[in-house]
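Read the figures in this text as sums done on the coordinates, not as results from a lab. Worth saying up front: this structure is predicted, and the values here are computed from it rather than measured. Positions of Cβ are backbone-derived with ideal geometry, glycine not excepted, and every protein chain shown enters the neighbour counts.
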Amino acid sequence: MNDTDRTADFGFEKVAWNEKAGRVREVFASVAGKYDVMNDLMSFGVHRLWKQFALSLTGLRPGQQALDVAGGTGDLALGMLRQVGKTGRVVLSDINSSMLERGRDRLLDAGLVGNVECLVADAERLPFDDNAFDCVMIGFGLRNVTDKAAALRSMHRVLKPGGQLLVLEFSTPVAPGLKPFYDAYSFKVLPLLGRFVAKDAASYRYLAESIRMHPNQETLLDMLRTAGFDQARYHNLSGGIVALHRGYKI
Amino acid sequence: MTATPAWLASIEALFNRGIAGSAEASALAQRLNATMIRIEVHGITAVEASVMGGRLALLAAGSKTEAAAEVATGTSGARAGSTTADATIAGSPLALLRLVRGGPTRRDPAAAAQVRGDAQIADSYRRLFALARPDLEEELSRVVGDLPARRLAQFGARSFAWALRAQRTAGDNVAEYLQEESRDLVNRAELEEFLRGVDAVRDTAERIEARLKRLERMPKGPPA
């Protein structure tokens, strides 16, 4: 089947395979200005703990190389920069230039220059040599990728042997009794927040829908293994609202 | 498989940092490649620890990942065959802590950690945990910076020493109250005096008994 016949999920909507990337780009271009504020509002600040947990597992040491895929406003890249120090290198990449600009400005404002690069890149076709990075992280980005399997393969390719991939992403709640409240919050409160704060309810409706269409923990774990990752496992955070998947290139 | 608890991942990350920071621990981890032990913390949890590629992996027992499966079946390592852990270390949290520290073992076997299976691998893991043991002050300094971490560590050490002293003093005070004020317990001098009295009564009773037996054995005849 060629790409013109295939469809992809854009939230609950089915769109042409080639159309999804553009639609996602529009969503994030629209919310880029309020992205960080909205993250704090929507998660009550807990997203900082999820990211901190992911950063605590990178295993990065000074002098190493790391890649933040779909890094957006750069908070994970910022954490990884602190871990690799001045002798290391971090690449912040995103398919959306508006988000990337925010990330680049934030890193500059933090005085982090010289060992960080920002570039627009498609996660499915990362423009790096094979075996280039000690750690690759994608935080809240994989669900927006059209071909997730291709993105995982691409991230596996650029990892050095022994390097680790970390996928931080919304997932399926597993804590008993959580799902009805989570659904009500996602579909009623989030679009309202988006409407009043970011002036864009549709983008936040997409957020809730895209989370529901994203593979659950076990499915994503299988996808990691299929892409060639060893020692693949996952950790549920906040009752499974978010899951951190990890795998190594051996 | 089920999810690996986040707290276990954090502990694993701490130990892996320790392994990466110690040449001896790294060499030991390489030697332990493709081995697995089971750690049973009585009343709390059971954890499977394996080493793959020189990296420690901790999993809640029962939540087998590909890594643990590889270790178990020997598909990616030198070891083939077994589907169980090479060794099991079981004990209370305190006993396991003492084992890692290499301190004196308890005389009471029930209170000491127990090792089953390949004792050499179990001992190697014990040494690995000891070598890669996290330096709490160093870990704290990653979050709050060097100086506050130093101050907090000193404060923690002083607090711990104070708590130990307070516990000892409180015990002494309670014992003194029960012995001297409420008189619910006797003090050591009184107890020893009582025991000496019991010994004296027993000795006297034994002497009387011996004398009576001797009298009984004496030939019975008309008084002279």
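Net charge of the neighbourhood of A:D94, taken over other residues with C-beta under 11 Å away and scored Lys/Arg +1, Asp/Glu -1, is 0. Amide hydrogen proximity for A:Q65: with H placed 1.01 Å from N in the peptide plane, the residues at 5 or more positions away or on another chain lying under 5 Å are A:R89, A:D134, A:C135. All C-alpha to C-alpha distances of chain A, sorted into 5 Å bins beginning at zero, yield P(r) values of 1, 6, 14, 18, 21, 18, 13, 6, 2, 0 percent in whole numbers.
Derived scalar couplings between HN and Hα for region A:184-195 equal 4, 5, 5, 8, 9, 7, 4, x, 5, 4, x, 5 Hz in order, rounded to whole Hz, by the Karplus curve 6.51 cos²θ - 1.76 cosθ + 1.60 (θ = phi - 60°), x for Gly and Pro.
How do A:218-227, A:196-205, A:67-76 rank on mean C-beta neighbours within 10 Å, highest first?
A:67-76, A:218-227, A:196-205
Sorting the segments A:95-103, B:93-101, B:208-216, A:176-184 by their residues' average number of neighbouring beta-carbon atoms within 10 angstrom, most packed first, yields A:95-103, B:93-101, A:176-184, B:208-216. Estimated from helices alone, the mean residue ellipticity of the protein assembly as shown at 222 nm is -15000 deg cm²/dmol (sum of -39500 (n - 2.57) over DSSP H runs with n ≥ 4, per residue).
Working note: Cα gyration tensor of region B:87-224, eigenvalues times five, square-rooted, sorted largest first, giving semi-axes of 60, 28, 9 Å. Phi angles across region B:24-38 convert, under the Karplus curve 6.51 cos²θ - 1.76 cosθ + 1.60 with θ = phi - 60°, into 3J(HN,Hα) values of 5, 5, 4, 5, 5, 4, 5, 5, 8, 3, 6, 10, 8, 10, 10 Hz, Gly and Pro given as x. Amide H contacts under 5 Å for A:C118: A:L92, restricted to partners 5 or more places along the chain or on a different chain, H placed in the peptide plane at 1.01 Å from N.
Sorted into 5 angstrom bins from 0, the C-alpha pair distances of region A:73-191 split as 2, 10, 18, 20, 18, 12, 9, 7, 3, 0 percent.
Once backbone amide H atoms are built at 1.01 Å from N, B:L185 has B:Q179 as its partners under 5 Å, excluding neighbours fewer than 5 places away on the same chain. Considering only B:S26, A:H47, A:P180, the residue lying farthest towards the positive end of the dipole of the protein assembly as shown is B:S26, judged by Cα position with unit charges set on Cβ. Its alpha carbons considered, the protein assembly as shown gives a radius of gyration followed by a Dmax of 32.2, 138 Å. A simple rule links phi to the HN-Hα coupling: the Karplus curve 6.51 cos²θ - 1.76 cosθ + 1.60 with θ = phi - 60°, which for region A:207-214 gives 4, 5, 5, 5, 5, 5, 8, 6 Hz, with x for Gly and Pro. Summing charges over neighbours of B:L178, with a neighbour being any other residue whose Cβ is under 13 Å away from its Cβ, gives -4 when K and R count +1 and D and E count -1. Among A:K14/A:K249; A:K51/A:K249; A:K86/A:K249; A:K179/A:K249, which pairs are too far apart, with a Cα-Cα distance over 31 Å? Correct reply: A:K14/A:K249; A:K179/A:K249.
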